[in-house]
Amino acid sequence: MKAELRSVPDCPHLAQVRQTLHAALADLGPPVVVTEVVGEYPSPTILINDVDVMGRTGDGPAACRLDLPTAERIRAALRQAIAAEHIGWNTALDLGKGGLPPWSTTDASGVARSLAA
């Protein structure tokens, strides 16, 4: 999982949003390194796996955001990312243990063949 905190130089809301992000990460427990980027962005912006937690694009002109990332939106984005990774890990683990994806079946010799073929 990736977390990025974008801001403009001297953003007056950065410290508050940074604290909220780190509190959400501590509550939900995923080991994530937060990358902080200072530049020409709507500020502050939090991206989880390249998606703005407030539903915007995360890009745009340098500006002070009026829709600051909230604890609820940050937690929701983190939960969604955790769930997506969990599904990916389970699929990889199932396939690694000889499991088959749901769109496959086996023939009499046990060789997987795709139903889509």
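Laboratory data are not the source of any read-out in this text; all were calculated from the coordinates shown. Computed from a predicted structure; not experimentally measured. Heads up, the Cβs are rebuilt from the backbone with ideal geometry, glycines too, and the neighbour counts pull from every protein chain shown.
Among the residues examined, Ala76 does not qualify as surrounded by 15 or more Cβ atoms within 10 Å (Cβ to Cβ), of a type in the set (Gly, Ala, Ser) and in contact (Cβ under 8 Å) with a residue 12 or more places away in the chain. Condition first: free of Cβ contacts under 8 Å to residues at least 24 places away in the same chain and either farther than 14 Å from Val38 by Cβ or outside any loop (DSSP other than H, G, I, E, B) (or both). Now tell me which residues in segment 2-19 satisfy that. Answer for segment 2-19, where residues must be free of Cβ contacts under 8 Å to residues at least 24 places away in the same chain and either farther than 14 Å from Val38 by Cβ or outside any loop (DSSP other than H, G, I, E, B) (or both): Ala15, Gln19.
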